[in-house]
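Below is one structure, written out as structure tokens, with a few remarks after it.
The values are calculated or read from the model by the stated rules, or taken from the named source; none is laboratory data. All values derive from a computational prediction rather than experimental measurement. Cβ: placed from backbone, ideal geometry, glycine included. Neighbour counts: every protein chain shown. Keep in mind that these areas ignore ligands, DNA and RNA; they rest on the heavy atoms of the full protein, side chains included. Shrake-Rupley method; radii C 1.70, N 1.55, O 1.52, S 1.80 Å.
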Amino acid sequence: MSEVRPQLDELLFWSMENVSVELVEVADTVVRVEAQATAIGAACPGCGCWSGRIHGSYLRFPRDLPTAGKRVVVSLRVRRFLCVEASCPRKTFVEQVPGLTRRFGRRTERLRSTLVSVGLALAGRAGARMSDAFGVRVSRNTLLRLITSLPDPPASTPRVVGVDEYAQRNGRIYGTVLVDVETRRPVDLLPNREADTLAAWLSERPGIEIICRDRARFYAEGATRGAPQALQVADRWHLWHNLGEAAEKCVFQHRACLRPAPAPPEQLQQASELSASSPWPTGHRFAERTRARHATVHALLAAGYSKRSIARQLGMGFSTVLRFAHAAEPEQLFTGQWQNRPTKLDAYRP
């Protein structure tokens with residue numbers, strides 16, 4: 001084992017210093033590696049003072065990347081040092097092996113970085129399935145926690161920035177989202193959609209050349225004050241939205257120009273027969289229900305009941321009872337989309 005140990009040090013801990021492999025045990029499903037830290041001393045995480053006074057030692061069992069389809073567990077003996085600085089609130093502290101362990105960590109840094117890469121690529125559920133495939137079973141929440149613990153990437157000043165609103169609580173609380181249009185990545189979130197907030201954000205980034213913004217007046221004011229050198233344009237969605245609104249207004253103004261073509265005599269005769277007949281045939285469930293309610297309401301009115309008492313007895317609204325009372329015949333109540341009445345658009349339906 002004395003001849004193999006230097007090779008194990010090179011193979012397992014090639015990028016780490018002050019770690020010595022003592023024993024390797026291979027079982028059916030687990031590879032257990034016994035190692036110990038060999039540093040002379042360590043720096044206190046509280047005050048940064050270097051200390052070589054050993055208080056004691058204990059074992060840590062961080063999981064490592066699997067090898068040959070087997071789970072690897074490192075039995076690492078670490079030491080607890082005494083802090084020599086009297087003013088430091090930490091009396092003792094545990095040494096950390098750079099590149100291998102971290103405080104309160106139950107995985108090696110190699111396994112942690114691998115799981116972070118899987119989580120960034122596949123997120124929670126898919127990442128958990130993929131990590132289970134190569135022998136590391138973790139939950140989706142663990143991957144999400146590893147991702148959220150990462151520091152924010154350095155954000156560079158975008159050349160083309162998109163400005164639009166987003167709803168924190170729909171209809172009540174709105175904020176502003178800023179997106180790098182060239183990379184299509186979010187840059188920042190502002191807590192509101194006021195002109196002063198946007199102007200302050202833009203004034204801190206003088207490298208912005210183009211602002212692709214919402215049509216709101218406060219965004220226009222904020223962009224003008226915060227980045228007067230930038231060109232303000234509308235994005236593709238707002239252009240299509242403006243075009244749709246313009247087309248709708250144009251069609252609404254010229255709706256009288258939509259005249260149906262003169263119908264043949266046979267169609268005119270059929271239309272007159274349909275208009276003469278009841279819009280709902282006998283046996284139609286809506287027609288029968290309306291006729292029954294109309295008869296009940298008029299019967300109670302003839303018996304001397306008031307309209308409010310009729311509404312309470314039948315479980316109907318007072319305005320509904322008024323409509324039934326004012327209608328002399330139930331056919332007067334047959335209004336709505338169920339009538340199949342002829343309209344001006346019938347000629348254009350095909």
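Starting from residues that are modelled with pLDDT under 85 and of a type outside the set (Ser, Thr, Tyr), keep the ones in region 154-167 and report whichever is farthest from Gly226 (Cα to Cα).
Only one residue fits best here, namely Pro154.
Give me the helices (runs of 4 or more DSSP H) completely within region 138-254, filtered to those with at least 2 residues that are among the charged types (D, E, K, R), ordered by residue number.
Ranges flagged: 140-148, 217-226, 236-253.
Please verify whether region 110-125 includes one or more residues that are out of contact with any Asp or Glu (no Cβ under 8 Å at 6 or more places or on another chain), within 30 Å of Ser51 (Cα to Cα) and not aromatic (Phe, Trp, Tyr).
Within region 110-125, one or more residues are out of contact with any Asp or Glu (no Cβ under 8 Å at 6 or more places or on another chain), within 30 Å of Ser51 (Cα to Cα) and not aromatic (Phe, Trp, Tyr).
What single numbered condition from (1) in contact with a helix residue (DSSP H, G or I) (Cβ under 6 Å, 6 or more places away or on another chain); (2) over 19 Å from Gly135 (Cβ atoms); (3) of a type outside the set (A, V, I, L, M, F, W, C) fails to hold for Gly119?
(2)
At pLDDT 90 or above and either open to solvent by 100 Å² or more (accessible area, probe 1.4 Å) or of a type in the set (A, V, I, L, M) (or both), is that true of Arg225?
Answer is yes for this residue.
I'm told Phe134 meets every condition in (1) free of Cβ contacts under 8 Å to residues at least 60 places away in the same chain; (2) open to solvent by 40 Å² or more (accessible area, probe 1.4 Å) except one. Can you identify the failing condition by its number?
(1)
Which pairs turn up if I take residues in region 108-126 that are at positive phi and look for partners that are modelled with pLDDT under 90 and open to solvent by 60 Å² or more (accessible area, probe 1.4 Å) with beta carbon separation below 7 Å, at least 6 apart in sequence or on another chain?
No pair meets every condition.
Pull up region 27-53, narrow it to residues that are among the aliphatic types (A, V, I, L, M) and surrounded by 14 or more Cβ atoms within 10 Å (Cβ to Cβ), then point me to the one that is farthest from the chain's Cα centre (by Cα).
Filtering region 27-53 for residues that are among the aliphatic types (A, V, I, L, M) and surrounded by 14 or more Cβ atoms within 10 Å (Cβ to Cβ), the one farthest from the chain's Cα centre (by Cα) comes out as Ala39.
Which of the following residues is among the charged types (D, E, K, R) and either open to solvent by less than 30 Å² (accessible area, probe 1.4 Å) or more than 30 Å from Asp214 (Cα to Cα) (or both): Arg102, Arg159?
Arg102
Starting from residues that are in contact with a strand residue (DSSP E or B) (Cβ under 7 Å, 6 or more places away or on another chain) and of a type in the set (D, E, K, R), keep the ones in region 107-119 and report whichever is least open to solvent (accessible area, probe 1.4 Å).
Arg110
Suppose we keep only residues that are touching a residue at least 24 places away in the same chain (Cβ under 8 Å) and aliphatic (A, V, I, L, M) within region 169-207. Which one would you say is surrounded by the fewest Cβ atoms within 10 Å (Cβ to Cβ)?
For region 169-207, the residue satisfying everything is Ala200.
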